[in-house]
Amino acid sequence: MTTVFPISGAQQSAPSAPAAPGADPASNALNQDTFLRLLVAQLKYQDPMHPADSTQFLTQTAQFTVVETLQRMEKSQAIAQSAGQVLTASAMIGRAATYSLTANGGTGTPTPTSVVAVRGSLPADAAVGTKAAATAHVFTTQGSKIPLALDFTRTASGWSVQASSNGAKLGQAVPISFDSTGDRTNNDVTIPASALDGIVGTAGNWPPTGIRLGFGSAGDPTRLRLGSGPATVAVAEQDGNDGQTATGVVTGVHLTTDGPQLVIGGHQIPYTSITDVQS
């Protein structure tokens, strides 16, 4: 704003307009109080020979009111959007979600599958020969997406699992034993890399240790075990990806200043990176 000298024949220094209170020096933020003080200062130090038009002041006040209203609406919308994101993110807990690996600066480098998490139950009173199945897609070191089928069969001594891909068996069926309470008595099963190499076009593109079928630890309430009713065995998640997207079960939500972060596979994934959620 132009400073106007008082009318006088003597030389005088220009009076300084007082600093407008209400503005935060650190953030330079302006609020309604600041604007009103600026108007008062402008009236006080205006050129008396060319006073400002009162209509101009009213126009400025109206414009400021509109801007302030829009700012309040924007803030309210931001709060509502944040609350909606938190509610939506919380509803994803326990569900499989697909998320982008490149949306937040990912390298796009594929990660081969080394663990397939199998959860659910197999019927305790099933007759010998009863079958159950679970399917998934796994990834090679090159990021190729390969179908994997796990066929469970009730045997005289328990159950067995046979891995296959596109109808071709991967190694031999491996027995799975359970105790009288329905908990497993043997370790997780591993599909060796040598068996995985039998999938056409994938030889040498698997982790050296193969793929482990993780059935869940003793403290995991979703662990594979014997139960009543029909089979519910299924693949919950696998730890490989093609470098572009990945899928995993949401196990928690963290609230940050950048928005909700979903916990998937031990990693914090931004809510905005989620591209799909299984029902």
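Taken together, the values in this text are just the output of simple stated rules run on the coordinates, not laboratory data. Given the structure is predicted, the values throughout are model-derived calculations rather than measurements. Quick reminder, even Gly has a Cβ in these numbers, built from the backbone with ideal geometry, and neighbours come from all protein chains shown.
Taken over the stretch 218-266, the criterion of being surrounded by fewer than 18 Cβ atoms within 10 Å (Cβ to Cβ) and over 25 Å from the mean Cα position of the chain (by Cα) is satisfied by Ala218, Gly219, Gly227, Ser228, Gly229, Pro230, Thr232. Is it the case that some residue within the stretch 222-238 is of a type outside the set (D, E, K, R) and closer than 20 Å to Thr107 by Cα? Checked against the condition, which is being of a type outside the set (D, E, K, R) and closer than 20 Å to Thr107 by Cα, the stretch 222-238 yields at least one hit. Taking the criterion of being surrounded by fewer than 16 Cβ atoms within 10 Å (Cβ to Cβ) and touching a Pro at 6+ places or on another chain (Cβ under 8 Å), the residues of the stretch 91-136 that qualify are Ala103, Asn104, Thr135. Has the stretch 172-191 got at least one residue that is under 26 Å from Asn241 (Cα atoms), touching a Gly at 6+ places or on another chain (Cβ under 6 Å) and of a type in the set (Asp, Glu)? Looking through the stretch 172-191, at least one residue is under 26 Å from Asn241 (Cα atoms), touching a Gly at 6+ places or on another chain (Cβ under 6 Å) and of a type in the set (Asp, Glu).
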